[in-house]
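The values are calculated or read from the model by the stated rules, or taken from the named source; none is laboratory data. Every value quoted in this text rests on a predicted model; they were computed, and no experiment measured them. When we count neighbours, we look across all protein chains shown, and the Cβ atoms used for this are built from the backbone with ideal geometry, even at glycine. Surface accessibility is based on the protein's heavy atoms, side chains included, excluding ligands, DNA and RNA. Shrake-Rupley method; radii C 1.70, N 1.55, O 1.52, S 1.80 Å.
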Amino acid sequence: MTPSTGPYAEIVVDLPVGQPLTYRIGEAGQDARPGACCVVPVARREVIGVCVGRSVQAPVADEKIRPVKRWFGEVEALDAHWLAFTRFAADYYQHPWGQVAVPSLPPLLRSTPGPRWASSLKRLRNAAAAVPAAGIAPAVVPELNAEQRAAADAISAQSGFAPMLLHGVTGSGKTEVYLTAIERLLARDPQAQALLLVPEIGLTPQLQSRLHERFAGLPIACLHSGLPAAERSAGWLAAHEGRARVVLGTRLAVFASLPRLRLLIVDEEHDTSYKAGDGVRYSARDLAVKRAQMLGVPVVLGSATPALESWAQAMQGRYRLLRLLRRATEAAQPQVELIDQRQHRSANGLTEPLRVALEQTIARGEQALVFINRRGYAPVVACAACGWLSACPKCAVFAAFHKTDGALHCHHCGWRSRVPRACPTCGNQNLDAVGHGTQRIEETLAAALPGARILRIDRDSTRRRGAADAALATVHAGETDVLVGTQMIAKGHDFQRVSLVGIVNADAQLVSHDFRAPERLFATVLQVAGRAGRSGLASRVLVQTRFPGHPLFAALRRFDYEGFARSQLAEREAAGMPPFVPQALLTAQAKALEPALAFLGHARAVGLGLRMAATLYDPVPMPLARLAGVFRAQMLVEAPRRSLLQAFLSDWLARLREGDLPSGPRVHWQIEVDPQEI
Ligand code: ADP
Ligand code: ZN
Ligand code: ZN
């Protein structure tokens, strides 16, 4: 670590610079501590920085070094652990420290303070996020069953770093285990803080209210990007200043400043939302484990369908496995049945056995859920006369038809256009909508089930703030007979009267090129199935498929996650794939494919020239080779061990950043460590 005195401050900023920048500490130098936030000049701009150390010697002549413009002395400095943790994340994901540290700060600390800054700081400190919510009746806490008690006891018994994987079937009461573990921690240590990460907070208002009920009287902070800036800042401050005892947040919250963090929990740890999609592509789950290790505290990863990475860790004895094999309530697991679509032709996406089952469910006054992993009306419009297919002009994908606005939509770049009246190639006026999305299934169900109350929930139907909550409320209130939707209806919801789940189009994922597709399909189906029969109604899950003999379905029917995981891991090990072999992905973007591929070819030659233990595969176009007018190519890198991969990446990327690039059109490139989609 750099010294904590000296006339200069080392500052990291949110810019692509490899090393911290040096400044004179300037006025109010008593605030110039490592971890202090500040405003610094960079060229003609002023940006936010975090001090990571002090130095005695300047790298250049003193008169060239500019002073820090302002120190945020009003806010306590970030602690040494936070600095070390963000630095680890930056190194691991091969990004500059400042590009990890600064973007994780709340809005309050991310803009140059104006004249009213001090008063808004004061207001935020007194805001609701920092104080207990009033007027909430304390929860009736169910008595834990034997399995839950064993899991909660195992968590509470830990001191020091202890990674645990809580594998509990859907409805087994994992949340109750988390809450009990948190409750015991807070009772034992009156200053301790707990961090509970969830994949998507907007869809889990139930969890938020459960926390408030359970910990009535305790300050709880929420941290997610959907919140207004002031609420986010207030929550962050409450966590940073130790007032918030429980912090509930989405992936970015893994970077929250929590000076008394003693327990981390990652709910639905397999969820792909934990992986950041742009900027620094970190995995919040993996970082939570690392953070726990650095702090020497327990961390719990919970899921009904753990990521194979986590399961492998548990099988190798690195994570302790805790299990909940039974549902917490009287409810039995639903019966999973396959509908062979080779025998039962579907009409507009719906087979007769599924239609009959829906009818019977509604007749009994129960609810059904129909899942389809695709929004819109149909994924493509086609001309039968000449073979024209609707495509996005800017991406290498089909444009989907949305009946709600009569337009073609690109689900990747947002491009939109009215459906042509006639085929643009041959003039044929009878264009066909091919395939099914949520809107079409909704229409099919309305025709097949006259009088039924059908509700669709997907990204399109819930754009307005609060729309998703309002729609879900009608389901909870029993005002909906059939709920049609995408992933959005699969996650976490505790629907009490759902006794039938229909899965309309599972096959799309069975035939995917991505080696993780079976893992995702298995998780999705179990997750959706987990919505059924939660209150004890006898319940069924019907899966329409043309491949009923697929081994994945055999495991699904037995709810056999372990068997499925074992066979998948054996395949991955034999094929030398993650989690047995660590990977990184170098991607390049350009106005045409050739320069992107040429850059990767150059990068490959540079990499091979290093003669290190890394395998560099051939550069290829990405599966989505053109996105919003930009061409994309990728190159996969592997090494026998993680440490070797890290060593290779840091040498290699340093050369690429500094070295001469082939001349020609501009190419943007990024590195992704542990890529989830290849
Ligand atoms: P999971 O997160 O594992 O899917 P939840 O924690 O949401 O499960 O629990 C499922 C349901 O079971 C909830 O309605 C919860 O209130 C109930 N439940 C949990 N534990 C118990 C228990 N020990 N006794 C009775 N009901 C319980
Ligand atoms: Zn045509
Ligand atoms: Zn597009």
Quiz item: So is SER104 small (Gly, Ala, Ser) and touching a helix residue (DSSP H, G or I) at 6+ places or on another chain (Cβ under 8 Å) or not?
Solution: yes
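Just to check your reading of the model, which residue among ALA523, ALA517, ALA613 is of a type in the set (A, V, I, L, M), under 21 Å from GLU269 (Cα atoms) and touching a Leu at 6+ places or on another chain (Cβ under 8 Å)? Give the derivation first.
Values: ALA523 fails: touching a Leu at 6+ places or on another chain (Cβ under 8 Å); ALA613 fails: under 21 Å from GLU269 (Cα atoms).
Criteria check complete, one pass: ALA517.
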Quiz item: Does THR250 satisfy the condition of being out of contact with any Lys or Arg (no Cβ under 6 Å at 6 or more places or on another chain) and either open to solvent by 10 Å² or more (accessible area, probe 1.4 Å) or of a type in the set (Asp, Glu) (or both)?
Solution: yes
Quiz item: Of the conditions (1) touching a residue at least 24 places away in the same chain (Cβ under 8 Å); (2) in a helix (DSSP H, G or I); (3) not aromatic (Phe, Trp, Tyr), ASP153 fails just one. Which one is it?
Solution: (1)
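Name the single residue that is nearest to ligand 2 (Cβ to nearest atom) among those in segment 382-433 being of a type in the set (Lys, Arg) and outside any strand (DSSP E or B).
Let us first name the residues in segment 382-433 that are of a type in the set (Lys, Arg), namely 394, 403, 416, 418, 421.
If we keep only those that are outside any strand (DSSP E or B) too, we end up with 394, 403, 421.
Values: LYS394: 22, LYS403: 21, ARG421: 12 Å.
Of everything passing the filter in segment 382-433, ARG421 is nearest to ligand 2 (Cβ to nearest atom).
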Quiz item: Of all residues in segment 463-487, which are open to solvent by less than 50 Å² (accessible area, probe 1.4 Å) and under 17 Å from HIS436 (Cβ atoms)?
Solution: VAL482, LEU483, VAL484, GLY485, THR486
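Whether any residue in segment 580-595 is in a loop (DSSP other than H, G, I, E, B), open to solvent by 50 Å² or more (accessible area, probe 1.4 Å) and of a type outside the set (Gly, Ala, Ser) is what I want to check.
Going residue by residue through segment 580-595, those that are in a loop (DSSP other than H, G, I, E, B) are 580-582, 591-592.
Narrowing further to those that are open to solvent by 50 Å² or more (accessible area, probe 1.4 Å): 580, 591.
If we keep only those that are of a type outside the set (Gly, Ala, Ser) as well, we get 580, 591.
The answer is yes; a qualifying residue exists.
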Self-check item: Subset of segment 41-69 (residues that are buried (at least 16 other Cβ atoms within 10 Å of the Cβ) and within 17 Å of PRO107 (Cα to Cα))
Solution: VAL47, ILE48, GLY49, VAL50
Quiz item: So, of the residues in segment 364-381 that are away from ligand 3 (no atom under 16 Å from the Cβ) and not in a loop (DSSP other than H, G, I, E, B), which turns out to be farthest from ALA422 (Cα to Cα)?
Solution: GLN367
Quiz item: Which condition number in (1) touching a strand residue (DSSP E or B) at 6+ places or on another chain (Cβ under 9 Å); (2) more than 30 Å from ALA90 (Cα to Cα); (3) charged (D, E, K, R) is the one that ARG320 fails?
Solution: (2)
Quiz item: Which one is nearest to ASP286 (Cα to Cα), of the residues in segment 603-636 that are touching a Pro at 6+ places or on another chain (Cβ under 9 Å), touching a residue at least 40 places away in the same chain (Cβ under 8 Å) and of a type outside the set (Gly, Ala, Ser)?
Solution: LEU636
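A quick yes/no check of all residues on (1) touching a Leu at 6+ places or on another chain (Cβ under 7 Å); (2) not charged (D, E, K, R):
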residue	(1), (2)
GLN293	no, yes
PRO306	yes, yes
ALA314	yes, yes
GLU330	no, no
Quiz item: Residue check: is ARG342 within 20 Å of ARG557 (Cβ to Cβ) and open to solvent by 70 Å² or more (accessible area, probe 1.4 Å)?
Solution: yes
Exercise. Return the total of residues in segment 225-255 being farther than 19 Å from THR86 by Cβ and within 19 Å of the chain's Cα centre (by Cα).
Key: 3
Quiz item: Within segment 422-439, can one find any residue that is open to solvent by 10 Å² or more (accessible area, probe 1.4 Å) and within 30 Å of LYS591 (Cβ to Cβ)?
Solution: yes
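If you check LEU179, LEU207, LEU196, which single one turns out to be closer than 30 Å to ALA467 by Cβ, modelled with pLDDT of 95 or more and within 10 Å of ligand 1 (Cβ to nearest atom)? So that I can check it myself, show each step before the final result.
Working: LEU207 fails: modelled with pLDDT of 95 or more; LEU196 fails: within 10 Å of ligand 1 (Cβ to nearest atom).
So the residue among LEU179, LEU207, LEU196 that is closer than 30 Å to ALA467 by Cβ, modelled with pLDDT of 95 or more and within 10 Å of ligand 1 (Cβ to nearest atom) is LEU179.
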Quiz item: List the pairs whose first member sits in segment 529-542 and is of a type in the set (Ser, Thr, Tyr), whose second member is away from ligand 2 (no atom under 16 Å from the Cβ), and whose Cβ atoms are under 6 Å apart, counting only residues at least 6 apart or on separate chains?
Solution: SER535/GLN496; SER539/PRO334; SER539/SER499; SER539/ALA532; SER539/GLY533
Exercise. Might you let me know whether segment 332-339 holds any residue that is more than 26 Å from the chain's Cα centre (by Cα), open to solvent by 70 Å² or more (accessible area, probe 1.4 Å) and within 16 Å of ligand 2 (Cβ to nearest atom)?
Key: no
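Can you name every residue in segment 80-118 that is open to solvent by 50 Å² or more (accessible area, probe 1.4 Å) and either at pLDDT 95 or above or part of a loop (DSSP other than H, G, I, E, B) (or both)? Before you say what the answer is, go through the steps one by one.
First, the residues of segment 80-118 that are open to solvent by 50 Å² or more (accessible area, probe 1.4 Å): 80, 87-88, 91, 110-112, 115-116, 118.
Hits for segment 80-118 are ALA80, ARG87, PHE88, ASP91, ARG110, SER111, THR112, PRO115, ARG116.
Has segment 633-652 got at least one residue that is aromatic (Phe, Trp, Tyr), under 24 Å from the mean Cα position of the chain (by Cα) and within 16 Å of LEU586 (Cα to Cα)? Can you show your working first?
First, pick out the residues of segment 633-652 that are aromatic (Phe, Trp, Tyr): 648, 652.
Cutting the leftovers down to under 24 Å from the mean Cα position of the chain (by Cα) gives us none.
Among the residues of segment 633-652, not one is aromatic (Phe, Trp, Tyr), under 24 Å from the mean Cα position of the chain (by Cα) and within 16 Å of LEU586 (Cα to Cα), which makes the answer no.
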Quiz prompt | Lone qualifier among LEU656, LEU649 - being within 24 Å of PHE515 (Cα to Cα) and assigned to a helix (DSSP H, G or I) | solution = LEU649
Exercise. List every residue pair whose Cβ atoms lie under 7 Å apart, where the two residues are 6 or more positions apart in sequence or sit on different chains, the first residue falls within segment 336-353 and is touching a residue at least 12 places away in the same chain (Cβ under 8 Å) and polar (S, T, N, Q), and the second residue, located anywhere, is open to solvent by less than 70 Å² (accessible area, probe 1.4 Å) and outside any loop (DSSP other than H, G, I, E, B).
Key: GLN341/GLN544; GLN341/THR545; SER346/GLN544; ASN348/ARG440; ASN348/THR444; THR351/ILE339; THR351/GLN544
Quiz prompt | Near pairs, Cβ below 9 angstrom, 6+ apart or cross-chain, from segment 419-438 (within 16 Å of ligand 3 (Cβ to nearest atom)) to any residue that is in a strand (DSSP E or B) and modelled with pLDDT under 95 | solution = none
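Restricting attention to segment 543-561, which residues are open to solvent by 60 Å² or more (accessible area, probe 1.4 Å) and either without any contact (Cβ under 8 Å) to a residue 40 or more places away in the chain or of a type in the set (Lys, Arg) (or both)?
To start, the set of residues in segment 543-561 that are open to solvent by 60 Å² or more (accessible area, probe 1.4 Å) comprises 546-547, 549-551, 557-558.
Hits for segment 543-561 are ARG546, GLY549, PRO551, ARG557, ARG558.
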Practice problem: Return the only residue of HIS412, HIS402 being more than 26 Å from ALA633 (Cα to Cα), in contact (Cβ under 8 Å) with a residue 40 or more places away in the chain and within 16 Å of ligand 3 (Cβ to nearest atom). | Solution: HIS402
